[in-house]
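Reading through the structure tokens given below for one structure.
Just so you know, all these numbers are worked out from the coordinates, no wet-lab data involved. Quick caveat: nothing in here was measured; it's all calculated off a predicted structure. Cβ placement follows ideal geometry from the backbone for every residue including glycine, while neighbour counts extend to all protein chains displayed.
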Amino acid sequence: MESEARPAAGAAAGEWIVHDEFLCHVTGYGTCGGRRIGVPLGTYRAPTLALALWWLRDRASWIAERLDPQPETEHLPAGALVPVGDTVPDVPAVLRSWCGDPAQQELVADELAAGRLVRIAASDDTTEYELLAESVDALRMQRTASMLFTPVA
């Protein structure tokens, strides 16, 4: 298994943190019966930073394509798709823009390499789509630290 080593943001010069695995989630949130409900759309345990980024981009593209398919798609009847109003947030455009922005990809890579949780979210009038990723190593370190400093009654 390959490790991703990058200088951690805010780390001292020459200090490296190695993260071997990343836990990634995609969730759609909506309202049902007046309550906010989350529907898991996928989870992936990425063995490398590169695969975590690939999976997040793939899922963002997957959501965008399902929300905004090409009009010539064979499985859609003619006239099934209609344009939305200019005031409606364009979730597919937001997700496609994030996928195609190298600066955003580098920012996400830096945050994950530093052990921080990354959240990418886009929403329209009815639904919020959330992509999350975090280092499995950072999660382990947090759990260990909380166990070390938990007072015993």
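Here the condition is being among the hydroxyl-bearing types (Ser, Thr, Tyr), within 22 Å of the chain's Cα centre (by Cα) and closer than 14 Å to Glu130 by Cβ; of Thr48, Thr31, Thr43, it holds for Thr43 alone. Listed by position, the strands (runs of 3 or more DSSP E) enclosed by segment 14-110 that each have at least 2 residues that are closer than 14 Å to Ile120 by Cα and of a type outside the set (D, E, K, R) are 22-32.
Specify which of the listed residues (Leu67, Leu112, Leu107) is surrounded by 12 or more Cβ atoms within 10 Å (Cβ to Cβ) and within 17 Å of His25 (Cα to Cα). Quick ask: steps written out before the conclusion?
Working: Leu67 fails: within 17 Å of His25 (Cα to Cα); Leu107 fails: within 17 Å of His25 (Cα to Cα).
Checking each option against the conditions leaves just Leu112.
Scanning segment 52-76 for residues that are farther than 16 Å from Arg119 by Cα, of a type in the set (A, V, I, L, M, F, W, C) and in contact (Cβ under 8 Å) with a residue 12 or more places away in the chain returns Ala64, Leu67.
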